[in-house]
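A.B. asks: Sharing a structure with you now.
Each value in this text was obtained by applying a stated rule to the coordinates, not by laboratory testing. Predicted model only: the values in this text are computed from it and were never measured. Ideal geometry is used to build each Cβ from the backbone, glycine not excepted, and the neighbour counts take in all protein chains shown.
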Amino acid sequence: MSGLEEVLARAQATLKSGSLQSEAHVRQAVIGPVLQALGWDPTDARQWIPEMKVPNGIVDDALLGDNGNPLVFVEAKRQGNLSPKAEEQLFDYAAKQGVPLLVLTDGDIWDLYLSMAAGPPTQRRFLHIELTNRNTDVREAAEDLTVFLERAAVLSQKANFAAQGRLAEVNNRLKGKQGLASAWLSLLRERGDPLRELLVNRVVERTGSRPWTEDVDSFLTEQVSKQDSAVDAPSKSADALAWLRAAPPTLTAGMKAAVTRWFKQLDDAGTAAPPPDGPGLEPPPGLGNLRGFRIQGRSQDAMSGRETLTLLASALEQHTSGFLDRWADSGRPNAERRRAVRGGDARLQSDSLKSGYRSVEEFPQWHLWVHGSTATKLKLMQRMTELAGLQWGSDIEPILEDPIG
């Protein structure tokens, strides 16, 4: 394990402990050691200037070239306190200084940008690392940070060239992802023989029966209709106002703010998707599957809606001790199935119920009821959030994959 890998591994443990209560703690315990492991000397004012004054503010850390000009600006925040405002602030600092590489981090999340690239900040970000994400490989994170932030690479401009190449890859991937829905819709509309045969053969494999031609046509027509609805969903922040005016009075202020942010993100990304579900709202046509959540600005990815619920339950139990006990008691007292049960409960042995429960991450003695549609899971997430004393739509936001029909 390299020196940087060891630093990142220690940082992971510290971040997960929740002991970093301020920006200063994050800079001292995580950001400083990482930059030092990348070859930057905090005692050499010719390399590193903390709290560097610029015409419109103060940059937390400026990393300098041999000529004394800043080559990297680092903006630090308290863990879990990243925001679009911090991103805008960092770009504002860099625009007046001509600094090519930017880092926005709370110690856990490391976002790297090319300041002079085209487009809004979201289209200039070429690297995103989340150290506490269970899918993060410390070795890969160390390799990426070395390529883009090691002092020798920055001074030689290799880091800048590598960042340009990575940004091109990221944006090409985004374009491809955005094209999936329209390409799928095109295939559905064409109803070509290859797609039809794939569908029919899969049905035969699974059921042993071959569907009738008119049933296949009817099914494909229905999918086209669903996809048309998804593609036609409002996609610009200008549409948000009309959508909010039509929303029911039960929509909370937090959800209204979340919807506005959602549309703003769509503007930045140049893509289309339906607005998030909210209190009293039926999910719009084409609503994507749950793939995790954001808790106070930090993303927690999941492979499914079921895993999303268990990860959220785990996070809320860590945030509010005793949450799972209260969640278990929050449903109807005499209901056949409870929202959560402990290991050994008779329901976990019932053939009709056991498949609906899943053990909770970090708290395997607990089992959570996870059956239901995406809309049902979203409503459960909202109730869980409120039971833990957090705000749905601001403290906790769902992550939904792009719908594909």
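A.B. asks: Convert each backbone phi in the stretch 165-173 into a coupling constant with the Karplus relation 6.51 cos²θ - 1.76 cosθ + 1.60 (shift: θ = phi - 60°), then list the ³J(HN,Hα) values in order as whole Hz, x for Gly and Pro.
C.D. replies: With coefficients 6.51, -1.76 and 1.60, one gets x, 5, 4, 4, 5, 4, 5, 5, 5 Hz.
A.B. asks: With the cut-off at 1.5 for a/c, could you classify the stretch 3-168 from its C-alpha gyration tensor as rounded, prolate or oblate? Each step should come with its number before you reach the end.
C.D. replies: Numbers: a/c = 1.29, a/b = 1.26, b/c = 1.02.
It is rounded, given that a/c, with a ≥ b ≥ c, falls under 1.5.
A.B. asks: For a quick check: with amide H placed at 1.01 Å from N, whose amide H comes under 5 Å from Arg291's, ignoring anything fewer than 5 positions away on the same chain?
C.D. replies: Correct list: Ile399, Leu400, Glu401.
A.B. asks: Here is a follow-up. Once fully extended, how much extra length lies between Glu140 and Asn172, figured as 0.36 nm per residue of separation less the alpha-carbon to alpha-carbon distance?
C.D. replies: Working: separation 32, 0.36 × 32 = 11.52 nm, distance 2.12 nm.
That works out to 9.4 nm of additional length.
A.B. asks: For Asp215 and Ser186, what does the FRET efficiency come to when R0 = 22 Å and r is the distance between their Cβ atoms, rounded to the nearest 0.05? Walk me through the intermediate numbers first.
C.D. replies: On the way: r = 22 Å, r/R0 = 1.01.
Once the sixth-power term is evaluated, E becomes 0.50.
A.B. asks: Take Phe363, Phe73 and order them by how many other Cβ atoms sit within 10 Å, fewest up front. Can you show the working numbers first?
C.D. replies: Values: Phe363 18, Phe73 25.
Placing the least packed residue first, the sequence is Phe363, Phe73.
A.B. asks: Give the span of the stretch 79-137's Cα atoms along each principal axis, as three whole-Å numbers ordered largest to smallest.
C.D. replies: Dimensions of the stretch 79-137 along the principal axes of its Cα atoms: 37, 20, 16 Å.
A.B. asks: Place a +1 charge on the Cβ of each Lys and Arg in the stretch 3-168 and a -1 charge on the Cβ of each Asp and Glu, then give the dipole magnitude about the Cα centre in debye, rounded to the nearest 20.
C.D. replies: Numbers: 16 positive and 22 negative charges, 41 e Å.
Dipole of the stretch 3-168, to the nearest 20 debye: 200 debye.
A.B. asks: Here's something else I'd like to know. Filter the cross-link list Lys177/Lys354; Lys96/Lys158; Lys85/Lys175 down to pairs whose alpha-carbon distance in this structure exceeds 31 Å.
C.D. replies: Details: Lys177/Lys354 37 Å; Lys96/Lys158 23 Å; Lys85/Lys175 26 Å.
Too far apart for the 31 Å limit: Lys177/Lys354.
A.B. asks: For Leu64, list long-range residues whose amide hydrogen, built 1.01 Å from N in the peptide plane, is under 5 Å from its own amide hydrogen.
C.D. replies: Trp48, Ile49, Leu71
A.B. asks: Starting from one equal scatterer on each C-alpha and no solvent at all, send me the Debye-based log10 I(q)/I(0) for the stretch 1-72 at q = 0.24, 0.28 Å⁻¹, two decimals.
C.D. replies: -1.08, -1.22
A.B. asks: Applying 1/(1 + (r/R0)^6) with R0 = 56 Å to the Cβ-Cβ distance of Phe161 and Glu197, what FRET efficiency is obtained, to the nearest 0.05?
C.D. replies: It comes to 0.75.
A.B. asks: Mind listing the long-range amide H neighbours of Ser299? Cut-off is under 5 Å, sequence gap 5 or more, other chains count too, H placed in the peptide plane at 1.01 Å from N.
C.D. replies: Those qualifying (amide H under 5 Å, at least 5 residues apart or on another chain) number zero.
A.B. asks: PRE reach from Gln21 (point 7 Å along Cα→Cβ): which of the stretch 71-110 fall under 12 Å by backbone N?
C.D. replies: Counting only backbone N, you get no residues.
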